[in-house]
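*Asks:* Below are the structure tokens for one structure; questions will follow.
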Amino acid sequence: MKCPFCGYEDTRVVDSRLGKEGNNIRRRRECVQCERRFTTYERVEETLPLVVKKDGRREAFDRQKIIAGMQRACEKRPVPIATIEEVVDRIEQSLQECGEKEVPSSLVGESIMQSLQSLDEVAYVRFASVYRQFRDINEFMAELTDILAKGTAKASQESSTEES
């Protein structure tokens with residue numbers, strides 16, 4: 001490991017500890033030449049599939065891009081950033097577990113929409129309006145009608161289970 005202070009390529013590990021989350025190792029190192037100490041983190045390299053866009057381009061999975069899009073959809077809504085990060089964690093994990101080298105962007109987008117629909121319907125509609133690129137108000141209204149129908153069905157189902 002190269003020293004960040006003097007650039008010397010020989011350092012020694014002084015201390016190693018498991019990270020807070022348990023998914024990395026924190027190492028204190030000391031440069032053999034300048035004797036200054038610094039910290040490094042070691043974690044498993046996660047291999048995520050490439051995302052195939054609608055136009056055929058391929059991009060690396062970008063966690064920050066998804067978080068930013070969800071934050072825009074959830075702006076001024078009661079959805080904590082920690083919840084958004086948990087959703088992205090689940091999406092990331094499912095992509096790792098699928099074992100594919102490439103996944104369509106639609107798979108990622110639909111996963112985001114499904115999560116948002118259960119979190120906050122307004123955020124869901126905001127995201128869907130951008131993601132689905134509604135061409136006119138009729139397409140937008142059809143989506144809203146679908147949400148309202150699902151909400152009505154859910155409410156009637158909950159009231160029937162309460163009566164039982």
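The values are calculated or read from the model by the stated rules, or taken from the named source; none is laboratory data. All of these numbers come straight from a predicted model, not from anything done at the bench. Backbone-built Cβ (ideal geometry, glycine too); neighbour counts: all protein chains shown.
*Asks:* May I ask you to say which residue of S94, S118 is more than 30 Å from P4 (Cα to Cα) and surrounded by fewer than 12 Cβ atoms within 10 Å (Cβ to Cβ)?
*Replies:* S118
*Asks:* Evaluate the following for R43: is it touching a Cys at 6+ places or on another chain (Cβ under 9 Å) and under 30 Å from R12 (Cβ atoms)?
*Replies:* No; evaluated as a whole, the condition is false for this residue.
*Asks:* For segment 25-48, name all the residues that are of a type outside the set (A, V, I, L, M, F, W, C) and touching a Leu at 6+ places or on another chain (Cβ under 9 Å).
*Replies:* R26
*Asks:* Tell me which strands (runs of 3 or more DSSP E) are completely within segment 1-92 and hold 2 or more residues being modelled with pLDDT under 95 and farther than 18 Å from P104 by Cα, or say none if there are none.
*Replies:* Once the strands (runs of 3 or more DSSP E) in segment 1-92 are filtered for at least 2 residues that are modelled with pLDDT under 95 and farther than 18 Å from P104 by Cα, what remains is 11-18, 24-31, 37-43.
*Asks:* Further question: Mind telling me which of the residues Q157, Q133, Q117, Q96 ends up being in a loop (DSSP other than H, G, I, E, B) and modelled with pLDDT under 90?
*Replies:* It is Q133.
*Asks:* Failed condition for A128, given (1) in contact with an Asp or Glu (Cβ under 9 Å, 6 or more places away or on another chain); (2) assigned to a loop (DSSP other than H, G, I, E, B), with all others met?
*Replies:* So A128 meets the others, but not (2).
*Asks:* Does R58 satisfy the criteria of being touching a residue at least 12 places away in the same chain (Cβ under 8 Å), of a type in the set (K, R) and more than 30 Å from E102 (Cβ to Cβ)?
*Replies:* The answer is no for R58.
*Asks:* Let me ask you something else. Does segment 35-43 contain at least one residue that is among the polar types (S, T, N, Q), under 30 Å from C6 (Cβ atoms) and touching a Phe, Trp or Tyr at 6+ places or on another chain (Cβ under 8 Å)?
*Replies:* No, that holds for no residue.
*Asks:* Is it the case that S16 is assigned by TED's automatic domain parsing to the domain that holds Y124 and of a type in the set (S, T, Y)?
*Replies:* No.
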